[in-house]
Amino acid sequence: MFNALEFAGPGFFWLLLLVPAMAAWYIWRGQLLQGSLSVSASKGFSIQAKSLAPRLRHLGIILRCIAVIFVVIALARPQTSLSWQNTTTEGIDIVIASDISGSMLAEDFTPNRLEAGKNIAINFIKNRPDDRIGLVIFSGESFTQCPLTIDHDVLINLYQDVKYGMIDDGTAIGMGLATAVNRLKDSEAKSKVVILLTDGSNNMGSIPPLTAAEIAKQFNVRVYTVGIGTHGFAPYPVQTPYGVQYQRIPVDVDEGTLKKIADITGGKYFRATDNETLKNIYEQIDKLEKAKIDVTQFHKKTELFLPFALIALLLLSSEFLIKNTLLKGALT
């Protein structure tokens, strides 16, 4: 908890230049009004020693300048900021491991599984500005498209560039998960998460999916698995000499393996059958992970301009009273 003084309109401090300008004008005006007079005796012009006028004749400009200073401070709106934050974790590191195999071009999602997964994941990324997030893509093999980063603009740009054909076709779920875990194993975050999206069964790679899950468990990485694809058959575009034609391909999501991966690592398995369910899955994951951060924040600002404005009013009133009482008729 701490108090800090800040100003909502610091630009008003430029008005403080009026203070030296006022003082210079006062001095210049006083010099113009000075004159000389020769007389045989000065006794008649002497001021009684008890008079305060000679001592107070510059008090008006002093009060006026100080009043202007307080007016400028009031215009700049001084504020105190009271904050209290209690954080019990250091944040979450997340790696999204996305299948980009040929079957991800099936159009049971709009416009297809791959693009739907990208768009919804990008919205998920935008909603978690405080987390480090990375991206792993896999097909017949896997590689890191973007390491863990807080620069989500770079991550999103790299995610948007993902397309089918970047790597050999196939479905290496174990390799994709192992690569994601490798990115998280040295992380010091209190919560380490992999979101694994795939629409098929493991048929490539040197690491079985359940072996990769055990490795994830050893490094305290929680895996949320998402099987993407409708039930039964899905329309798949095929390029022919007569243009794009569609054929129905069977949906082959290995739900048993995906559930085991989630169980081993303490995560959860989801099945997405269309854009809306996939969006809801990301929202559920978002809530599940946010619940694991215990952060209490309090922030309050208090306006302090009124005391400065009142002091300025008091100074101007004092100048007016002195000018019209003690200094009445005197040059100021």
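The values are calculated or read from the model by the stated rules, or taken from the named source; none is laboratory data. Since this is a predicted model, take the numbers as computed values, not measurements. All Cβ positions, glycine included, derive from the backbone under ideal geometry; neighbour counts span all protein chains shown.
Looking at Leu326, Leu331, Leu321, can you tell me which residue is outside any strand (DSSP E or B) and at pLDDT 80 or above? Explain how you work it out, then say what you get.
Values: Leu326 fails: at pLDDT 80 or above; Leu331 fails: at pLDDT 80 or above.
Sole residue among the options that is outside any strand (DSSP E or B) and at pLDDT 80 or above: Leu321.
Is it the case that the range 159-179 has a residue that's free of Cβ contacts under 8 Å to residues at least 24 places away in the same chain and small (Gly, Ala, Ser)?
Yes: one or more hits.
Does Gln247 qualify as being in a strand (DSSP E or B), at negative phi and not hydrophobic (A, V, I, L, M, F, W, C)? Before you say what the answer is, go through the steps one by one.
On the way: in a strand (DSSP E or B): yes; at negative phi: yes; not hydrophobic (A, V, I, L, M, F, W, C): yes.
Here the answer is yes, as Gln247 does meet what is asked.
Name the pairs whose Cβ atoms lie under 7 Å apart, with the first residue in the range 64-80 and in the same structural domain as Pro20 (by TED's automatic domain parsing) and among the β-branched types (Val, Ile, Thr), the second crowded, with 17+ Cβ neighbours inside 10 Å and at pLDDT 85 or above, and 6 or more positions between them or separate chains?
Close Cβ pairs (under 7 Å, with a partner that is crowded, with 17+ Cβ neighbours inside 10 Å and at pLDDT 85 or above) amount to Ile66/Leu315; Val71/Ala312; Ile73/Phe308.
For residues in the range 64-82 being touching a strand residue (DSSP E or B) at 6+ places or on another chain (Cβ under 7 Å) and modelled with pLDDT of 85 or more, which is farthest from Thr302 (Cα to Cα)? Before you say what the answer is, go through the steps one by one.
Filtering the range 64-82 down to residues touching a strand residue (DSSP E or B) at 6+ places or on another chain (Cβ under 7 Å) leaves 76-82.
The next check asks that each one be modelled with pLDDT of 85 or more; those that pass are 76-78.
Details: Ala76: 14, Arg77: 10, Pro78: 9 Å.
If we take residues in the range 64-82 being touching a strand residue (DSSP E or B) at 6+ places or on another chain (Cβ under 7 Å) and modelled with pLDDT of 85 or more, then Ala76 is farthest from Thr302 (Cα to Cα).
Yes or no, residue by residue, for (1) part of a loop (DSSP other than H, G, I, E, B); (2) at pLDDT 85 or above; (3) among the aromatic types (Phe, Trp, Tyr):
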| residue | (1), (2), (3) |
| --- | --- |
| Leu37 | yes, no, no |
| Ala41 | yes, no, no |
| Gln85 | no, no, no |
| Ile96 | no, yes, no |
| Phe109 | yes, yes, yes |
| Ile122 | no, yes, no |
| Ile125 | no, yes, no |
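I need the full set of residues from the range 161-180 which are assigned to a loop (DSSP other than H, G, I, E, B), within 31 Å of the chain's Cα centre (by Cα) and surrounded by 17 or more Cβ atoms within 10 Å (Cβ to Cβ), in order please. So that I can check it myself, show each step before the final result.
Of the residues in the range 161-180, the ones assigned to a loop (DSSP other than H, G, I, E, B) are 161-172.
Those still in the list that are within 31 Å of the chain's Cα centre (by Cα) too: 161-163.
The one that is assigned to a loop (DSSP other than H, G, I, E, B), within 31 Å of the chain's Cα centre (by Cα) and surrounded by 17 or more Cβ atoms within 10 Å (Cβ to Cβ): Val162.
Among (1) at pLDDT below 95; (2) out of contact with any helix residue (DSSP H, G or I) (no Cβ under 8 Å at 6 or more places or on another chain), there is one condition Pro235 misses while meeting the rest; what is its number?
(1)
Yes/no matrix, rows are residues, columns are (1) surrounded by fewer than 19 Cβ atoms within 10 Å (Cβ to Cβ); (2) out of contact with any Pro (no Cβ under 7 Å at 6 or more places or on another chain); (3) among the basic types (Lys, Arg):
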residue	(1), (2), (3)
Asn182	yes, yes, no
Lys190	yes, yes, yes
Phe233	yes, no, no
Gly243	yes, yes, no
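For residues that are polar (S, T, N, Q) and under 19 Å from Ile133 (Cβ atoms), scanning just the range 199-231, find the one that is surrounded by the most Cβ atoms within 10 Å (Cβ to Cβ). Break it down into steps so the answer makes sense when it comes.
Taking the range 199-231 first, the residues polar (S, T, N, Q) are 201-203, 206, 211, 218, 220, 225, 230.
Filter once more, so that each one left must be under 19 Å from Ile133 (Cβ atoms): 220, 225.
Values: Asn220: 15, Thr225: 29.
Of everything passing the filter in the range 199-231, Thr225 is surrounded by the most Cβ atoms within 10 Å (Cβ to Cβ).
Quick check: is even one residue across the range 146-155 part of a loop (DSSP other than H, G, I, E, B), on the phi < 0 side of the Ramachandran plot, in contact with a helix residue (DSSP H, G or I) (Cβ under 7 Å, 6 or more places away or on another chain) and not polar (S, T, N, Q)? Before you say what the answer is, go through the steps one by one.
Restricting attention to the range 146-155, the residues satisfying the condition of being part of a loop (DSSP other than H, G, I, E, B) are 150-151.
Retained after the next criterion (residues that are on the phi < 0 side of the Ramachandran plot): 150-151.
Imposing the further condition that a residue be in contact with a helix residue (DSSP H, G or I) (Cβ under 7 Å, 6 or more places away or on another chain) reduces the set to none.
Taking every residue of the range 146-155 in turn, none turns out to be part of a loop (DSSP other than H, G, I, E, B), on the phi < 0 side of the Ramachandran plot, in contact with a helix residue (DSSP H, G or I) (Cβ under 7 Å, 6 or more places away or on another chain) and not polar (S, T, N, Q).
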